[in-house]
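**Q** Below is the structure I would like to discuss, written out as structure tokens.
The values are calculated or read from the model by the stated rules, or taken from the named source; none is laboratory data. Every value quoted in this text rests on a predicted model; they were computed, and no experiment measured them. In this analysis, Cβ positions are derived from the backbone assuming ideal geometry, glycine residues included, and neighbour counts consider all displayed protein chains.
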Amino acid sequence: MSVDLSPLSKLSKLLINVRLRPIQGQRFQPTGFPDLGAAVYDAHDTRSLLVESPQSMANRLEAVCWDGVENDLVAPLRGLAYIRVERDGAYLTSSIEESHRINSPYILEGTDRAFFERLRETFSAMDDGPIDRRLLSSTLLRYDTSSLIHGVFLAKKELAGGRLRVARALSAFIEAEDVRIAASGGVKNDHIKPSGDTSKGFGNVPFHREEFTARRICAYFNLDLAQLRGYGLGEAPTRLLILLGLYKIRAFLDGDLRLRTACDLAVDGDDAITTKPEAFALPELDVLAEDVAASIKACRESLAGVTTVQFKRASTKSGSKAGKKKTAKANKK
């Protein structure tokens, strides 16, 4: 049965809120930031906490699309466009796994320049003047479809002066309300030499630990429908992008919500998911998988499938000189 998207036809955004809970006990471990630690803040009169950041959630929503054993997209999504990176003929990474998507240095900074030159030729008309948004969108659809969901910034000056940007169309974060610190601690025991030099890893090392409890934990998803329509790609590709966004959300919620060692969450009951508009309910994963696969087939001519790039870092000047000296020495022999 095809997913009915008509309740979304006149809306600019689809908002989804999902109530979560720790799978055991009450404590959980939030994301941490350098020189900051946990992101605790006051929202009006409520002590709140950022459990998972938008940038981390974007990576997690990509991860549910990837089969790490096969090093390929999960079966229902195969046929979508992405960049595969190989080194010495073996799999290295992909635009799905890279934090900067198609702008990854493993894609654009290696000695294999074929794909980079293809992009430069495509975007050469935008070296001067305004950005052709439709051309940018259709190119990303063709080579790295998920960039139209999670955003990208092609910062290379050779590509339209480094002005090619797409904002996230699907943003998400997890927030906790009315939080309290759950302080605890422990000790790393050295049963051989308890008084050993701790700077070298020996000895007993006591430590403190902070986790949190909360009255409410909620995951928030915002799918920008107006942005997806604004790409100007046509009905079939737009439907594909909306379904792909929904698939990512449902696959994340139905998957393993163990975000960290001490942050193992679960959807909190059958009524935990609310949507705006209420007339649209988040479809089940098997339904979305079937419909996304059908949409990929419908957009086959617009998708390049898998584009393979060979990564080999360019030799440095010093390395080149060393190579020349070695060659000259060998020639003398």
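**Q** Where in segment 133-203 are there strands (runs of 3 or more DSSP E), lying fully within it, with 3 or more residues that are surrounded by fewer than 16 Cβ atoms within 10 Å (Cβ to Cβ) and not charged (D, E, K, R)?
**A** 170-188
**Q** Could I ask something else about it? So which pairs qualify, if the first residue must be in segment 263-283 and closer than 30 Å to Arg209 by Cβ, the second must be polar (S, T, N, Q) and assigned to a loop (DSSP other than H, G, I, E, B), the Cβ gap must be under 8 Å, and the two must be at least 6 apart or on different chains?
**A** Partner pairs satisfying both residue conditions: Cys263/Gln29; Asp264/Gln24.
**Q** So Ile181 ticks every box in (1) under 22 Å from Leu244 (Cα atoms); (2) without any contact (Cβ under 8 Å) to a residue 40 or more places away in the chain; (3) touching a strand residue (DSSP E or B) at 6+ places or on another chain (Cβ under 8 Å) but one. Which box is left unticked?
**A** Every condition holds for Ile181 apart from (1).
**Q** Going through segment 268-307 one residue at a time, which ones are within 13 Å of Pro76 (Cβ to Cβ) and touching a Gly at 6+ places or on another chain (Cβ under 8 Å)?
**A** Across segment 268-307, the qualifying residues are Ala293, Ile296, Lys297.
**Q** Kindly check whether there is at least one residue in segment 224-239 that is modelled with pLDDT of 95 or more, over 25 Å from Asp264 (Cα atoms) and part of a strand (DSSP E or B).
**A** Taking every residue of segment 224-239 in turn, at least one turns out to be modelled with pLDDT of 95 or more, over 25 Å from Asp264 (Cα atoms) and part of a strand (DSSP E or B).
**Q** How about segment 1-45: which of its residues are crowded, with 16+ Cβ neighbours inside 10 Å and among the polar types (S, T, N, Q)?
**A** Gln29, Thr31
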